Structure formats: structure tokens, C-alpha cells
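**Student:** Below is the structure I would like to discuss, written out as C-alpha cells.
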């Protein structure tokens with residue numbers, strides 16, 4: 001019986017970590033989609049690229065450094081730091097640099113193709129955030145601060161995130177980061193797509209395949 005419980009716990013832990021890394025990988029792809037669409041990067045990447053211009057470090061490395069600073073600020077304001085927070089701080093930047101280095105994301109020339117690629121990036125980003133937060137291993141550096149501000153102010157997550165995006169874009173622009181119509185689109189729409197992602201995850205959790213994977217064979221076959 002103890003062995004069965006341990007196996008169940010181990011499986012669920014594995015699935016949580018798998019969801020976290022999968023979510024971060026989706027976000028990493030979304031970031032590169034928006035960069036390659038060349039319509040103006042998302043607000044945080046205005047900041048990241050602006051710092052990259054000033055320092056010469058890769059975008060992924062800057063994402064890691066900014067994440068570390070946000071973790072420090074969150075900790076100062078008594079935001080609890082979880083393992084997922086630290087993994088996000090390390091691996092989001094790693095995945096961004098990995099996707100860039102692999103070079104499989106296109107760089108389209110036609111405007112309609114760039115728009116499609118950009119919107120795919122926004123959707124991927126929002127859904128990826130929902131996936132890794134749903135893993136319940138702790139929000140990432142940016143999202144830990146977002147969730148704390150939402151709880152402290154009673155504002156919706158989407159509203160808080162939009163304000164954070166605008167602030168990051170402003171600081172990034174002052175550092176020389178690129179702004180464009182895509183920056184505005186991202187800032188105004190990312191909250192919606194994150195909430196949509198959470199709704200999709202919630203719906204998935206009510207399905208039989210999810211129950212089968214999450215609870216294991218024993219529960220599904222019980223009584224047969």
C-alpha cells in the first residue's frame with residue numbers, strides 16, 4: 001500500500017514538472033515568434049533587448065538576470081519563492097536562446113505572415129503561462145510579482161499583467177529596446193490570452209484522458 005502511494009506521488013510530481021518545463025518551452029517559442037515577426041517585440045522583451053543592446057549578452061541570458069532581480073524584489077516584499085520560480089528564472093532564458101540557436105522559427109517578409117506569426121506568439125505565451133502555473137510548483141519571477149500584486153490590490157490578473165507590461169516596455173524603450181505596434185497589441189491582449197489559457201486548462205482537467213493520466217491505471221480499472 002505504501003509502495004502504491006509512493007508511486008502515485010512520484011507520477012504526479014513527474015507530471016507537474018513535465019507541465020512546468022513544457023509551459024516554459026511554449027513561452028520560449030512564443031517569445032521568439034514575436035521577435036521574428038518584426039512588428040515590435042512584447043513589452044518585457046523591449047526591456048530584455050534594450051539591456052542586451054547595452055551589455056552584449058544574449059536575450060536569454062538577460063531574461064535570466066532580470067528574472068533573478070525580480071525574484072530578489074519579490075522576496076523583499078515577502079513573496080514566497082518556490083522551486084518553480086527558480087526553474088522559470090533559469091530555464092525560460094535557456095529555452096529562448098535554444099529556440100533562437102536551432103533556427104526553426106521563420107522570419108517571414110510578407111505582412112500578413114508576420115501578423116500571423118506574431119499572434120501565434122502572443123497565444124503561445126499566454127497558454128504557456130497557464131500551463132506552467134497550473135503545475136502548482138510556483139509561479140515564475142514575473143508572475144510571482146503579478147500574482148502578489150493582484151492579491152494585494154484585488155485587481156484581476158489580466159489588469160495587473162497589462163500594467164506590468166507597460167512599465168517594462170517604457171523602461172526598455174529608454175534603454176534602446178525596439179517598440180512597435182506588436183508591443184501595444186501584446187500589452188493589451190496578453191491578459192486575455194492568459195485567462196483563456198487558464199480556462200482551457202480548467203476544462204482539460206475535467207476530461208477522462210486527463211483523469212486517466214493524472215490518477216493512473218489503478219483508479220480507472222477499479223471495480224472492473
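The values are calculated or read from the model by the stated rules, or taken from the named source; none is laboratory data. Every value quoted in this text rests on a predicted model; they were computed, and no experiment measured them. Don't worry about glycine lacking a Cβ; one is built from the backbone with ideal geometry, like all the others, and counts go over all protein chains shown.
**Student:** Restricting to segment 22-69, name every residue that is outside any helix (DSSP H, G or I) and in contact (Cβ under 8 Å) with a residue 12 or more places away in the chain.
**Tutor:** 38, 39, 40, 41, 42, 58
**Student:** Condition check: over 16 Å from residue 88 (Cα atoms), exposed (fewer than 13 other Cβ atoms within 10 Å of the Cβ) and touching a helix residue (DSSP H, G or I) at 6+ places or on another chain (Cβ under 9 Å). Does residue 9 satisfy that?
**Tutor:** Taking the combined requirement at face value, the residue does not satisfy it.
**Student:** Separate question: Residues to consider are 137, 149, 98; find the one that is more than 12 Å from the chain's Cα centre (by Cα), modelled with pLDDT of 95 or more and over 23 Å from residue 179 (Cα atoms).
**Tutor:** Matching residue, one of 137, 149, 98: 98.
Yes or no, residue by residue, for (1) crowded, with 16+ Cβ neighbours inside 10 Å; (2) on the phi < 0 side of the Ramachandran plot:
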{"site": "38", "(1), (2)": "yes, no"}
{"site": "47", "(1), (2)": "yes, yes"}
{"site": "63", "(1), (2)": "yes, yes"}
{"site": "69", "(1), (2)": "no, yes"}
{"site": "105", "(1), (2)": "yes, yes"}
{"site": "113", "(1), (2)": "no, yes"}
{"site": "124", "(1), (2)": "yes, yes"}
{"site": "128", "(1), (2)": "yes, yes"}
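**Student:** Can you tell me how many residues within segment 175-186 are under 16 Å from residue 164 (Cα atoms) and surrounded by fewer than 21 Cβ atoms within 10 Å (Cβ to Cβ)?
**Tutor:** So the count comes out to 3.
**Student:** (1) assigned to a helix (DSSP H, G or I); (2) touching a helix residue (DSSP H, G or I) at 6+ places or on another chain (Cβ under 7 Å): which one isn't true of residue 72, the others all being true?
**Tutor:** Of everything listed in (1) assigned to a helix (DSSP H, G or I); (2) touching a helix residue (DSSP H, G or I) at 6+ places or on another chain (Cβ under 7 Å), residue 72 misses just condition (2).
**Student:** Would you confirm whether or not segment 1-14 contains a residue that is outside any helix (DSSP H, G or I), farther than 20 Å from residue 124 by Cα and modelled with pLDDT under 90?
**Tutor:** Checked against the condition, which is being outside any helix (DSSP H, G or I), farther than 20 Å from residue 124 by Cα and modelled with pLDDT under 90, segment 1-14 yields at least one hit.
**Student:** Now for a different question. Within segment 13-36, restricting attention to residues that are over 17 Å from the mean Cα position of the chain (by Cα) and surrounded by fewer than 19 Cβ atoms within 10 Å (Cβ to Cβ), which residue is nearest to residue 179 (Cα to Cα)?
**Tutor:** 15
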